1. Return the total of residues in the range 171-200 being surrounded by fewer than 14 Cβ atoms within 10 Å (Cβ to Cβ) and of a type outside the set (D, E, K, R).
2. Can you name every residue in the range 40-72 that is free of Cβ contacts under 8 Å to residues at least 40 places away in the same chain and surrounded by fewer than 14 Cβ atoms within 10 Å (Cβ to Cβ)?
3. Specify which of the listed residues (Leu139, Leu144) is surrounded by 14 or more Cβ atoms within 10 Å (Cβ to Cβ) and among the aliphatic types (A, V, I, L, M).
4. Does Glu56 satisfy the criteria of being in a helix (DSSP H, G or I) and at pLDDT 90 or above?
5. Is there a residue being under 17 Å from the mean Cα position of the chain (by Cα), in a helix (DSSP H, G or I) and modelled with pLDDT under 70 anywhere in the range 71-85?
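The values are calculated or read from the model by the stated rules, or taken from the named source; none is laboratory data. Since the model is a prediction, treat every value here as computed from it, not as a measurement. FYI the Cβ positions are ideal-geometry reconstructions off the backbone, even for glycines, and counts take in every protein chain you see.
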Amino acid sequence: MFVIRHNFSNVSLSLDTLSQDNSQLSQYSNLTDDDRFMYKADVKSISEISDLTSSEEITCVTVGTTTMFFVGKQGWYYDGCTKCTKKADVKDGPFTCKCGTYNKTYKLDIKVCHQHGSGRFVFWDRQCADIIGISAYELKNQMLAEGEDDPKAFPLSLDELLARTMALRIKVQPSYNQSSVIRLSEDPNLIKKVLDQIGMFELVDQNLLFLLS
């Protein structure tokens, strides 16, 4: 009898959890695209994101302008799986997915600036391909056809990623010492919405400093 009660208790707890999950999913599905972009994220300036010291992952929304590339050991691409995202958790070294599928995939470290602040953000395959209009595989093949096989040689097509002002949804990943771009948008209305919130928070901080001084 006691065992049965214990099992019913677990079932009840599972149903409560499922109900909460369904409620959150329903709430998310009713949001506008802009609200989904900012869902459960902290709005912060580029400077604030760069100054974060927490060891925990945090999702932020910010606005900045892309200004320059950082050239790493692997250049502007890596061999990543076209079916899954396991490579996103690998920092260095060659990669062969267990499913046997891989291809040239964009991974670019880009300096992003806003006002007096700057940060280094990782732009991944989907965001880069959408802006450039060509896959990393095709771009690499073009370079090879032109006799260029240095992975650190950046093709001119990548410049399409620079000098662009964007709203960015960022996952700050201290364990990998990087901040990854989850989503981006060049919609001026969303950019203004984020900037307005950043400005509001900065004004509150200034007022607090004034009161404490």
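1. Final tally of qualifying residues: 6.
2. Lys40, Asp51, Thr53, listed by residue number.
3. Values: Leu144 fails: surrounded by 14 or more Cβ atoms within 10 Å (Cβ to Cβ).
The unique qualifying residue is Leu139.
4. Values: in a helix (DSSP H, G or I): no; at pLDDT 90 or above: yes.
So Glu56 fails the test.
5. Taking every residue of the range 71-85 in turn, none turns out to be under 17 Å from the mean Cα position of the chain (by Cα), in a helix (DSSP H, G or I) and modelled with pLDDT under 70.
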